[in-house]
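Student: Sharing a structure here in structure tokens format.
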Ligand SMILES: Cc1cc2nc3c(=O)[nH]c(=O)nc-3n(C[C@H](O)[C@H](O)[C@H](O)COP(=O)(O)OP(=O)(O)OC[C@H]3O[C@@H](n4cnc5c(N)ncnc54)[C@H](O)[C@@H]3O)c2cc1C
Ligand code: SF4
């Protein structure tokens, strides 16, 4: 196949004519229902990632008519995902954005995707639950804000998502309340994960194998993981359980339509102040899909951007923005690492990158000089990513870089997913520049606060100690780096201090919903996708309940 | 490739077929056994049982040879000692084949030596695997039980040696009284040994099938039938000569276990097909998928159980 063939999905939309790509075959198709533009569907969903894709499946299965839009392409992993870091950039959202602040974010590879299936197509599959107390972090732990959802409610939905994704996890999880058994067993640890285990044992804290959304045994049409380690560039075997190969096939079976290469530019509101549908760009022109409800699920930058871009005379500050909070409280996870060299051969590229984890500092509150927590995981960057880390953080180039890369197979590393606090100054707003569709692009401003920096310092001291404990040499700290995006349309109990309620329904426009990482009031010290999907499942159930009671 | 409903149907279908096959086998064998007893005399009963034990020992040795070759190849034969089980199990396999063909009574020092060596290697292997686990972080954790050197695997070698050793003891016995091994009448001691082997092997299958999350309902068969067979066998041994129905049932479930061991290889072949690339990618998937040669161990042990039955029957004839 030529390189162009590998990129075919980017050229013209695939999901049309009553069929959509079959992700379980190299070239096949599955039937897809289609809806006319001029008759309102029950739900128009913008974005098909962790939030939108999950919701589309659940709503379609509940009998609603659903059309979901994604600006990205509909790939077939078996035939179109190359073992090539450079080529797989095709999965990232690399549209232009303006980044500012004390710690301007580097967007694209590490935090946002553009594909049917969203960022989960190239996520690292780490599937963690929030610590129960985090849902009431203001009341119980003294920082951030409380969530409007009870932890037990969330744990019920975590369970549902874990079952759907066939999470492979440890038999016993060392932290937090007892949890039901993961549907699949933990994976074999690679040498990189064993290094984390030894580092934790040296420091006297617990560790475990990471609950991952990749199979450790066959399941339906998907094979178990082959441990080749290309996960964050897109898994070419379907072992990875992403939205693309779990929720979306269900959505199609349930009767949903998914439109690929369809960029939504504006949500229309009618004279009654309610949302009436979405304008989207597909096949070179703009179209309008009428809808009774609109759900925005474009992730924490594109969601506020779309809401702000949909401003109209009735809502001059953008939709759902009477609180003025749309775009504010953008959160990331601090993603710092300690790296070192050991004598043993490690070959950390083998297997999913983060096979072992410690959540010790998420659950232990002793002797902390900061609020919040962090998890840390073993690492396995592929060669190009590792070279980039060297260039970006240490300025190595030429022979120095070549020499450093010689050590690749002996490298170990521990990286955190650290909680950051919500701050109003961290925000997404509109820039003057416009993108290819003529839409104002997002301006993203981000700065760590003192608490965030104290957390990072604590983590770096601890991780370096761990590496010293296993006699690693040439230890150095990567102090830049963030991952994941959250906030910008937070949920809450009060219309003045939040954008949506616990059901992800906007306070201002009752048929406008937001269901993705944007609704997080706080970020927690764990990767967000499981929580996003749990929220989407809960929202779908709530919508079903409300529909039955005539409250929609 | 296979939905869960299809897998459920497959498991139910195969269980039915296995039951039918074992019933047929049981019917077919029944009259023959009695005749054998009367026309050929005591010596032949012993020889017959010894041959069955050879067959069991050979099957177990075959399992170990194939399995350890594959697993230790995967481990790059990093340690020279990793060749040992391969060599010993092949020897045990060859000698078992020879023993099964050998019509002479009286034991053979070479066979005896190989079988004792096999037991020794198996025990050393278990110790070695345990030592390996002890070195890893997490020690005796699930992760190590699942993926480190398998504690249970070398025991199959021990069992192969023990079956062979017993077969040699039987050949030695020609006198007209009930021979004893380890202080117990021969039928009983072979029975208890087979039951223990079945239980241990079921335990290992249980561990590894748990690791595979019992994703295919058929994975429950080898963790339920062999323990049942073992239980019935122990009950038969304990109950003495009287309970004919119990003996009948015990033999039936042993036969089920024997056929299941062969069908298990088929299921493992299916498991391999469900790995990425399936059988086209056999070089990797023979290693990554479920071990093709493992399930026939059950067949080997079930044979030992059936041999115990022959001996127990014989004991009954002799009993005053
Ligand atoms: C490299 C990487 C590794 C990660 N690893 C993990 C991990 O191990 N564990 C974990 O929990 N999380 C991980 N994440 C984060 C996780 O993938 C995201 O948090 C999650 O997918 C976000 O879900 P979402 O629904 O909010 O947005 P997304 O999944 O990003 O989906 C948004 C979708 O909306 C589409 N879209 C946006 N705007 C528009 C528009 N206007 N019109 C049409 N479509 C639009 C986009 O194309 C995109 O497909 C990782 C992310 C990355 C990038
Ligand atoms: S290591 Fe496993 S999950 Fe990752 S890309 Fe390979 S098969 Fe997929």
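Student: When the expected Rg is taken as 2.2 N^0.38 Å, what fraction or multiple of it is the alpha-carbon Rg of region A:342-466?
Tutor: Values: Rg = 18.7 Å, N = 125, 2.2 N^0.38 = 13.8 Å.
Dividing the Cα radius of gyration by 2.2 N^0.38 Å gives 1.36.
Student: Which distance in nm do the two modelled labels at residue A:405 and residue A:228 give, with both placed 7 Å along the Cα-to-Cβ direction?
Tutor: 2.1
Student: Shape of region A:81-139 from its Cα gyration tensor (a ≥ b ≥ c, root eigenvalues): rounded if a/c is under 1.5, otherwise prolate when a/b > b/c, or oblate?
Tutor: Numbers: a/c = 2.97, a/b = 1.45, b/c = 2.04.
The shape class here is oblate.
Student: How high is the relative contact order of chain A, in percent, with contacts defined as C-alpha pairs under 8 Å that are six or more residues apart?
Tutor: Values: 1402 pairs, mean separation 121.8, N = 552.
Relative contact order of chain A: 22 percent.
Student: Quantify how strongly other chains surround peptide B:132-138 by giving the mean number of their Cβ atoms within 10 Å of each of its Cβ atoms.
Tutor: Partner-chain Cβ atoms within 10 Å, mean over residues of B:132-138: 4.
Student: How high is the relative contact order of region B:41-110, in percent, counting Cα pairs under 8 Å that sit 6 or more residues apart?
Tutor: It comes to 48 percent, rounded to a whole number.
Student: Per-residue mean of other chain beta-carbon atoms within 10 angstrom of the beta-carbon, peptide B:139-151?
Tutor: Average neighbour count from other chains, rounded to a whole number: 4.
Student: Just for region A:1-144, what percent of DSSP beta bridges are antiparallel, to the closest 5?
Tutor: Once the DSSP bridges in region A:1-144 are tallied, antiparallel ones form about 50 percent.
Student: Continuing with this model, one more query. Taking R0 as 41 Å, what FRET efficiency do you get between residue B:203 and residue A:548 from their Cβ-Cβ distance, rounded to the nearest 0.05?
Tutor: 0.25
Student: Could you give the angle, 0 to 90 degrees to the nearest 10, between helix B:4-74's Cα long axis and the longest principal axis of the Cα atoms of chain B?
Tutor: 10
Student: In whole Å, how far is the Cα centre of region B:110-129 from that of region A:521-538?
Tutor: 54
Student: Still on this structure, I have one more. Treating chain A as a set of equal point scatterers at the Cα positions, no solvent, please give the Debye-formula log₁₀ I(q)/I(0) at q = 0.07, 0.10, 0.12 Å⁻¹.
Tutor: The computed values of log10 I(q)/I(0) come out as -0.36, -0.77, -1.14.
Student: Same structure, new question: In deg cm²/dmol, rounded to 500, what helix-only [θ] at 222 nm does chain A give when every DSSP H run of at least 4 residues adds -39500 (n - 2.57) and the total is split over its residues?
Tutor: Value at 222 nm, helices only: -7000 deg cm²/dmol.
Student: Say R0 is 41 Å: what FRET efficiency, to the nearest 0.05, do residue B:279 and residue B:104 get from their beta-carbon distance?
Tutor: The calculated FRET efficiency here is 0.40.
Student: If I fit a long axis through the Cα atoms of helix A:191-203 and take the longest principal axis of the Cα atoms of chain A, what angle between them do I get, 0 to 90°, rounded to 10?
Tutor: Its long axis makes an angle of about 70 degrees.
Student: State whether region B:4-318 is rounded, prolate or oblate according to the following rule on the C-alpha gyration tensor (a ≥ b ≥ c being the square roots of its eigenvalues): a/c under 1.5 gives rounded; otherwise a/b larger than b/c gives prolate, and the remaining case gives oblate.
Tutor: Oblate shape, in that a/c is at least 1.5 and b/c is the bigger or equal ratio.
Student: Taking only Cα atoms, what is the 0 to 90° angle, nearest 10, from helix A:529-548's long axis to the longest principal axis of chain A?
Tutor: 30
Student: Follow-up question, since we're still on this one. Just the number, please: percent antiparallel of the DSSP beta bridges in the protein assembly as shown, rounded to the nearest 5.
Tutor: Details: 54 of 76 bridges.
If I count the DSSP bridges inside the protein assembly as shown, around 70 percent turn out antiparallel.
Student: Would region A:37-160 count as rounded, prolate or oblate if I go by the C-alpha gyration tensor, calling it rounded below 1.5 in a/c and otherwise prolate when a/b exceeds b/c, oblate otherwise? The partial results should precede the final answer.
Tutor: On the way: a/c = 1.78, a/b = 1.18, b/c = 1.51.
It is oblate, given that a/c is not under 1.5 and a/b is not larger than b/c.
Student: Something else about it: Could you grab the relative contact order for region B:4-318? Cα pairs under 8 Å, six or more apart, rounded to a whole percent.
Tutor: 26
Student: Also: 222 nm [θ] for chain B, helices only, -39500 (n - 2.57) per DSSP H run of 4+, per residue, to 500?
Tutor: That comes out to -27500 deg cm²/dmol.
Student: Taking the Cα atoms of region B:96-137, report the difference between the largest and smallest coordinate on each principal axis, in whole Å and largest first.
Tutor: Cα spread of region B:96-137 along its principal axes, largest to smallest: 53, 16, 10 Å.
Student: If you take each beta carbon of peptide A:211-219 and count the beta carbons of other chains within 10 angstrom, what is the mean? Display every interim value, and only then the final one.
Tutor: On the way: counts 0, 0, 0, 0, 2, 5, 13, 16, 8.
Mean partner-chain Cβ count within 10 Å for A:211-219: 5.
A short reminder: the numbers here are calculations on the coordinates, not readings from a lab. What you are looking at is a predicted structure, and each value in this text was computed from that prediction instead of being measured. Cβ coordinates were reconstructed from backbone atoms using ideal geometry, including for glycine residues, and neighbour counts include every protein chain displayed.
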